[in-house]
Each structure stands twice: as C-alpha cells, then as structure tokens.
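Take a look at the structure set out below.
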Amino acid sequence: MLAVLSIYVYIMDYIGFLIATVLFLVAAMYIFGERRKLILAGVSIAASVIVYFLFTEAFMIVLPVLNI
C-alpha cells in the first residue's frame with residue numbers, strides 16, 4: 001500500500017488530481033479485496049469528483065491538473 005501511495009503522490013503532478021486519484025482508489029480498493037469492476041470504477045470516479053469539487057469550489061484550493 002505504501003508503494004501505491006508513493007506512486008500516487010509522484011504521478012499527481014504529471015496527470016493531475018482527478019486521474020491520479022481515480023487510479024489510486026482503484027488500486028487501493030483492489031488491494032483491500034474489492035474485485036467487482038463496477039464498484040471499483042463507480043466508487044473511485046464518484047469519490048474523486050466529489051473531493052475535487054469540494055476542494056476547488058468550497059475551499060478554493062487549487063489542485064494539480066493534467067499537464068499537456
């Protein structure tokens with residue numbers, strides 16, 4: 001789990017908060033035993049979008065975005 005968290009922090013600057021968080025949550029849930037693809041995708045996408053909008057809109061915090 002520590003390796004997944006380290007990779008998450010490293011790639012966030014390159015691929016942005018949303019994509020990195022979705023990938024991190026999928027990996028974390030898989031490590032902890034969740035195997036249903038619909039749950040993995042749905043929960044990780046929903047949680048990432050909710051957290052993103054909470055931080056950017058409610059708290060006015062700028063999060064990393066995809067660098068092209």
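What's the Cα-based Rg to Rh of the chain, Rh via Kirkwood?
Numbers: Rg = 12.3 Å, Rh = 12.4 Å.
Taking Rg over the Kirkwood Rh, I get 0.99.
Per-residue extension of 0.36 nm, minus the Cα-Cα distance of Asn67 and Ile39, leaves a gain of 7.2 nm for this segment. For the chain, the longest principal axis of the alpha carbon atoms and the long axis of helix 37-53 meet at an angle near 20°.
Per residue, how much accessible area does the chain show when a 1.4 Å probe rolls over the protein heavy atoms, in square angstrom? Working shown, then result.
Working: 4930 Å² over 68 residues.
The answer is 73 Å² per residue.
Spacing of the modelled spin labels on Ala28 and Phe53, each 7 Å from Cα toward Cβ, amounts to 2.0 nm. Within 15 Å, Cβ to Cβ, of Ala46, how many net charges do the neighbouring residues add up to if Lys/Arg are +1 and Asp/Glu are -1? Its environment carries a net charge of +1.
Where the accessible area of the chain is counted over protein heavy atoms with a 1.4 Å probe, how much of it, in %, is carbon and sulfur? That share works out to 77 percent.
Between the helical axis of 2-15 and the longest alpha-carbon principal axis of the chain there is an angle of about 40 degrees.
The values are calculated or read from the model by the stated rules, or taken from the named source; none is laboratory data. Just so we're clear, the structure is a prediction, and the values are computed from it rather than from any experiment. When we count neighbours, we look across all protein chains shown, and the Cβ atoms used for this are built from the backbone with ideal geometry, even at glycine. Accessible surface areas use protein heavy atoms only, side chains included; no ligands, DNA or RNA. Shrake-Rupley method; radii C 1.70, N 1.55, O 1.52, S 1.80 Å.
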